[in-house]
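The values are calculated or read from the model by the stated rules, or taken from the named source; none is laboratory data. Bear in mind that the values here come from a model prediction, so they are computed numbers and not experimental data. Glycine also receives a Cβ, built like all others from the backbone with ideal geometry; neighbour counts cover every protein chain displayed.
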Amino acid sequence: MGHPMPQLLRRLYCEVANGGFGAWDVVSLTDTGDWFSDCADITEAFSNFADPENPLPSGIVPLMDRGCAMWALIDFRTADGQMWDWDPNLCCRAHALAPLSQSLAEWLTDWLNGAMPDGPYPNRVQVAQDCPAR
């Protein structure tokens with residue numbers, strides 16, 4: 001994936017569980033036979049997002065399938081694992097990806113406190129006003 005995994009995520013995978021944790025079950029690091037999305041593991045999820053016309057920025061990795069084509073993603077380029085949102089239902093595919101103003105630790109804290117939204121994230125950067133699909 002071109003960047004090291006954030007330390008907290010690495011510890012969760014190695015010391016807590018190989019996926020299956022979080023609000024809608026984080027994908028496994030390796031194929032365990034128990035799939036937590038339509039992907040066997042995080043590398044398959046990453047490769048499924050490979051789109052030559054709309055590639056993810058380098059280091060942005062799908063982490064959790066939220067259903068209805070929505071995903072939570074994590075930024076491997078940042079030490080604290082900044083979180084991103086993928087939601088093509090809000091506008092269009094070109095504006096589906098947006099950063100969240102949360103690190104992995106903050107995102108997990110929201111989950112543990114019961115504050116994880118079912119729909120769009122409240123702290124998502126808003127879709128561009130000039131989007132023709134809006």
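If you check 94, 79, 72, 45, which single one turns out to be surrounded by fewer than 20 Cβ atoms within 10 Å (Cβ to Cβ) and outside any loop (DSSP other than H, G, I, E, B)?
94
Tell me which residues, restricted to segment 13-28, are free of Cβ contacts under 8 Å to residues at least 12 places away in the same chain and either assigned to a loop (DSSP other than H, G, I, E, B) or in contact with a Phe, Trp or Tyr (Cβ under 9 Å, 6 or more places away or on another chain) (or both).
17, 21
With the structure loaded, tell me whether residue 111 is in contact with a strand residue (DSSP E or B) (Cβ under 6 Å, 6 or more places away or on another chain) and either in a helix (DSSP H, G or I) or modelled with pLDDT under 90 (or both) or whether it fails that test.
no
Taking segment 25-41 as the search range and keeping residues that are touching a helix residue (DSSP H, G or I) at 6+ places or on another chain (Cβ under 9 Å) and of a type outside the set (D, E, K, R), which one is farthest from residue 4 (Cα to Cα)?
This residue is 37.
Pairs, please: C-beta under 6 Å, at least 6 apart or cross-chain, first residue closer than 15 Å to residue 101 by Cβ and in segment 60-79, second among the small types (Gly, Ala, Ser)?
Close Cβ pairs (under 6 Å, with a partner that is among the small types (Gly, Ala, Ser)) amount to 74/81; 75/59.
Among 31, 51, 85, 65, which is among the acidic types (Asp, Glu), closer than 23 Å to residue 120 by Cβ and in a loop (DSSP other than H, G, I, E, B)?
51
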